[in-house]
Structures are given as structure tokens and as C-alpha cells.
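Undergrad: This is the structure I want to talk about, given as C-alpha cells.
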Amino acid sequence: MAKQPEFNKYLPLEEWFRKQPTTPEQIELTFDQVEEILGAPLPASATKLKTWWTNVQPKIQSHRTAWLNNGWMVTEFDQQARWVRFVRA
């Protein structure tokens, strides 16, 4: 899958997931922590659209492939409280 230009901003997140040790099998991050990893704010859609945090493999690389390509899946998130839980797939 070719990297799309808009995916470049999510490369730090993809690298972060790739570097995670085999344990723990679950990670909970606040949106602030995700933004710190990215070095940039999350888009407004991350706090407004539930589909932003889905585990559907996109046809082109997107923010979701940052976790999906590295064996992680979103199991739960709270857009108002601004956190997301990932587990190893």
C-alpha cells in the first residue's frame, strides 16, 4: 500500500505503535498523548466523528493504518473525555 501525502502526518504515530513492546496487550492514550506523539493537533473529526476511530482497513493509507498495520485495534474511545483504548489484534 503506497503512502498517501496526507498520511505523512501520521507517520510518528505509526512508528510509535511499531516500537511498542509485546506487553502490555492494551494501551490507553488520551487525545493529548496522541497529539504529543504526532507533534500536532488531532483533526476536529477525531473528536466529532465516531468513524475516525474505527478499525476498518482503508483503501489508502490513513490515520487508521498507523495502528492497524502494527497489530493494534481500537476497542473503546470517549470523544468527550478525549481518550482511546487500543488492544493487540
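Computed from the coordinates by the stated procedures, all read-outs in this text should not be read as laboratory data. Just so it is clear, the model here is predicted, and its values are computed rather than measured. Cβ: placed from backbone, ideal geometry, glycine included. Neighbour counts: every protein chain shown.
Undergrad: Does at least one position in segment 79-88 carry a residue that is without any contact (Cβ under 8 Å) to a residue 24 or more places away in the chain, within 22 Å of GLU15 (Cβ to Cβ) and surrounded by fewer than 13 Cβ atoms within 10 Å (Cβ to Cβ)?
TA: no
Undergrad: Something else now. Does any residue in segment 10-28 that is in contact (Cβ under 8 Å) with a residue 12 or more places away in the chain and under 9 Å from ARG88 (Cα atoms) come within less than 7 Å, Cβ to Cβ, of a residue that is among the basic types (Lys, Arg) and surrounded by 14 or more Cβ atoms within 10 Å (Cβ to Cβ) six or more places away or on a different chain, and which pairs are these?
TA: GLU25/ARG88; GLN26/ARG85
Undergrad: Still on this structure, I have one more. Name the single residue that is surrounded by the fewest Cβ atoms within 10 Å (Cβ to Cβ) among those in segment 49-75 being part of a loop (DSSP other than H, G, I, E, B) and either touching a strand residue (DSSP E or B) at 6+ places or on another chain (Cβ under 9 Å) or of a type in the set (A, V, I, L, M, F, W, C) (or both).
TA: VAL56
Undergrad: Are any residues in segment 15-48 more than 16 Å from ASN70 (Cα to Cα) and in a loop (DSSP other than H, G, I, E, B), and if so, which ones?
TA: Scanning segment 15-48 gives GLY39, ALA40, PRO41, LEU42, PRO43, ALA44.
Undergrad: Touching a residue at least 40 places away in the same chain (Cβ under 8 Å), hydrophobic (A, V, I, L, M, F, W, C) and under 12 Å from GLN79 (Cβ atoms): does that describe PHE31?
TA: Criteria met by PHE31.
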